[in-house]
Amino acid sequence: MRPFREEDVDAYAAVLQTRQVRASLHLPDDVGREHAWLGMAQQLGQWELRGTGQWALEEQATGAFVGRAGMHFPERGDWPGIEIGWALHPDYWGKGYATEAGAAAVEYAFVHHHVDALYSVILPENTASQAVARRLGFTLWEQRTFSHFPEMPHGIWRLQRTET
Ligand SMILES: CC(C)(COP(=O)(O)OP(=O)(O)OC[C@H]1O[C@@H](n2cnc3c(N)ncnc32)[C@H](O)[C@@H]1OP(=O)(O)O)[C@@H](O)C(=O)NCCC(=O)NCCS
């Protein structure tokens, strides 16, 4: 898990362009480098402004670009709080990488941010993402229809801080 770099743009665009990721994230068919670059810039900007954001993921054994995972805390009135999220190239699904990165992001978020709970915002149809959230200890808390995505309600999954 490392910060995004300018040279990630093609590999990140390739992740977003896969049929499976486009379908899961409801991205347009022509999603490409422009969208990927803006997304990377948004991640780095969020780190700078708020200390939240997602990391680029590399496979340790090969150095291959795998996707992204981490925190997301946008300036939106109806957003529940710091979200933990993930998106991987389908070639790297089924290996536990999202759960591994998600666990590291949860630990980082609770150490570096004074919050009582973390959230994961997941569409009801996205069972793969729900499974990652469940493996990390999140439970479904409520359904919410966001102003930026009025088509259908998202599930808000929540993980409360536990005293250790
Ligand atoms: C959501 C997403 C990241 C889940 O990916 P994933 O590979 O299923 O999740 P994980 O990396 O946690 O891997 C879990 C799978 O790896 C297997 N696995 C293998 N080794 C494992 C390990 N060491 N630890 C955990 N799981 C392991 C698990 O059994 C599980 O397989 P299964 O799906 O057959 O039960 C992926 O589907 C994705 O990128 N989707 C598109 C983007 C998206 O929807 N993002 C979320 C928006 S809310």
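The values are calculated or read from the model by the stated rules, or taken from the named source; none is laboratory data. Values in this document were obtained by computation on a predicted structure and should not be read as measured data. When we count neighbours, we look across all protein chains shown, and the Cβ atoms used for this are built from the backbone with ideal geometry, even at glycine. Areas reflect the complete protein model, heavy atoms only, side chains present, ligands, DNA and RNA absent. Shrake-Rupley method; radii C 1.70, N 1.55, O 1.52, S 1.80 Å.
Tabulated data
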{"quantity": "Residue in region 90-111 that is farthest from the chain's Cα centre (by Cα), counting only those that are open to solvent by 50 Å² or more (accessible area, probe 1.4 Å) and of a type in the set (Ser, Thr, Tyr)", "calculated": "108"}
{"quantity": "Some residue of region 99-111 being closer than 17 Å to residue 156 by Cα, within 16 Å of the ligand (Cβ to nearest atom) and not in a loop (DSSP other than H, G, I, E, B)", "calculated": "yes"}
{"quantity": "Out of 5, 22, sole residue that is within 14 Å of the ligand (Cβ to nearest atom) and open to solvent by 40 Å² or more (accessible area, probe 1.4 Å)", "calculated": "22"}
{"quantity": "Of all residues in region 112-122 being open to solvent by less than 20 Å² (accessible area, probe 1.4 Å) and in contact (Cβ under 8 Å) with a residue 40 or more places away in the chain, the one that is nearest to the ligand (Cβ to nearest atom)", "calculated": "118"}
{"quantity": "Region 136-159, subset under 15 Å from the mean Cα position of the chain (by Cα) and either outside any strand (DSSP E or B) or at pLDDT below 95 (or both), residue surrounded by the most Cβ atoms within 10 Å (Cβ to Cβ)", "calculated": "138"}
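So that you can scan it fast, the table gives a plain yes or no per residue for (1) open to solvent by less than 10 Å² (accessible area, probe 1.4 Å); (2) more than 22 Å from residue 125 (Cα to Cα); (3) of a type in the set (Lys, Arg); (4) within 13 Å of the ligand (Cβ to nearest atom):
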position: 17; (1), (2), (3), (4): no, no, no, yes
position: 30; (1), (2), (3), (4): no, yes, no, no
position: 33; (1), (2), (3), (4): no, yes, yes, no
position: 43; (1), (2), (3), (4): no, yes, no, no
position: 46; (1), (2), (3), (4): no, yes, no, no
position: 53; (1), (2), (3), (4): yes, yes, no, no
position: 56; (1), (2), (3), (4): yes, yes, no, no
position: 63; (1), (2), (3), (4): no, yes, no, no
